[in-house]
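Chemist: Okay, here's the structure, questions in a sec.
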Amino acid sequence: MRYIISLFIVTTALFSMDLGWSDDYKQTLKNAQKSGKLVYVLITSDNCKWCRKFEKTTLQDKEIQKRLYSEFEVVHLSRERDFIPENFETAPIPRHYFVDAKGTILYNSLGHRGLECFDAFMDNAQDKLEVSQ
């Protein structure tokens with residue numbers, strides 16, 4: 001059992017490093033202010049099977065990773081471990097938020113999403129930013 005838990009922690013850590021995921025929402029907003037990028041906020045839970053499926057499928061796609069890294073600051077928040085601002089809903093999960101550098105929610109959705117759908121989410125977030133400016 002200890003081996004399984006250790007493997008889960010290592011796998012989670014490796015996954016988090018793929019995109020330079022942060023777990024600090026406030027710092028990510030500061031980074032977005034400097035970079036001029038939108039922020040993608042992923043809210044999950046430790047025991048959510050749909051969260052793990054999304055992480056293992058959609059977020060492992062190299063094109064999705066490339067786009068997320070180049071166009072967004074990314075933050076992955078766990079309901080059990082991390083500070084989550086009050087204006088974010090945390091159930092059901094996974095939750096997806098795209099916010100500007102001030103923390104204004106531009107676009108949000110929930111659930112596991114495949115490649116095309118998630119790519120469209122990123123387009124919608126960029127479109128909302130252009131409309132709001």
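The values are calculated or read from the model by the stated rules, or taken from the named source; none is laboratory data. Computed from a prediction, not measured in an experiment: that's the story for all the values here. Virtual Cβ from ideal backbone geometry, glycine too; neighbours counted across all protein chains shown.
Chemist: Quick one: which of Tyr97, Tyr107 is part of a strand (DSSP E or B) and touching a residue at least 24 places away in the same chain (Cβ under 8 Å)?
Modeler: Being part of a strand (DSSP E or B) and touching a residue at least 24 places away in the same chain (Cβ under 8 Å) holds for just one of Tyr97, Tyr107, which is Tyr97.
Chemist: Then there's this: Give region 63-74 a look and list any residue that's crowded, with 21+ Cβ neighbours inside 10 Å and part of a helix (DSSP H, G or I), or say none. Before the answer, list the steps.
Modeler: Restricting attention to region 63-74, the residues satisfying the condition of being crowded, with 21+ Cβ neighbours inside 10 Å are 68, 72-74.
Within region 63-74, just Leu68 meets the criteria.
Chemist: From the set of residues in region 75-89 that are crowded, with 16+ Cβ neighbours inside 10 Å and over 12 Å from the mean Cα position of the chain (by Cα), which is nearest to Lys56 (Cα to Cα)?
Modeler: Initially, region 75-89 is screened for residues crowded, with 16+ Cβ neighbours inside 10 Å, giving 75-79, 84, 88.
Okay, now just the ones that are also over 12 Å from the mean Cα position of the chain (by Cα), so 79, 84, 88.
Details: Arg79: 19, Ile84: 23, Phe88: 24 Å.
Once the filter is applied, the top-ranked residue is Arg79.
Chemist: What residue, among those in region 41-62 that are free of Cβ contacts under 8 Å to residues at least 12 places away in the same chain and not in a loop (DSSP other than H, G, I, E, B), is farthest from Ala125 (Cα to Cα)? Give the derivation first.
Modeler: Filtering region 41-62 down to residues free of Cβ contacts under 8 Å to residues at least 12 places away in the same chain leaves 47, 49, 52, 56, 62.
From the residues that got through so far, the ones that are not in a loop (DSSP other than H, G, I, E, B) too are 49, 52, 56, 62.
Working: Lys49: 26, Arg52: 23, Lys56: 23, Lys62: 20 Å.
My answer is Lys49.
Chemist: Next question. For region 85-102, how many residues are in contact with a Ser or Thr (Cβ under 8 Å, 6 or more places away or on another chain) and over 18 Å from Trp50 (Cβ atoms)?
Modeler: Here the count works out to 1.
Chemist: Where residues in region 45-99 are touching a strand residue (DSSP E or B) at 6+ places or on another chain (Cβ under 7 Å) and of a type in the set (Ser, Thr, Tyr), which of them is modelled with the lowest pLDDT?
Modeler: Checked region 45-99; the qualifying residue modelled with the lowest pLDDT is Thr90.
Chemist: For region 110-125, how many residues are within 16 Å of Asp61 (Cβ to Cβ) and either assigned to a helix (DSSP H, G or I) or not charged (D, E, K, R) (or both)? Quick ask: steps written out before the conclusion?
Modeler: At the first step, the residues of region 110-125 found to be within 16 Å of Asp61 (Cβ to Cβ) are 112-123.
Okay, now just the ones that are also either assigned to a helix (DSSP H, G or I) or not charged (D, E, K, R) (or both), so 112, 114-123.
Selection size over region 110-125: 11.
Chemist: Could you please give the count of residues in region 47-62 that are exposed (fewer than 15 other Cβ atoms within 10 Å of the Cβ) and closer than 28 Å to Gly36 by Cα?
Modeler: The total comes to 2.
Chemist: Can you say whether Tyr107 is under 14 Å from the mean Cα position of the chain (by Cα) and over 18 Å from Asn31 (Cβ atoms), as far as the supplied structure shows? Walk me through how you get there before you give the answer.
Modeler: Details: under 14 Å from the mean Cα position of the chain (by Cα): yes; over 18 Å from Asn31 (Cβ atoms): yes.
Taking the combined requirement at face value, the residue satisfies it.
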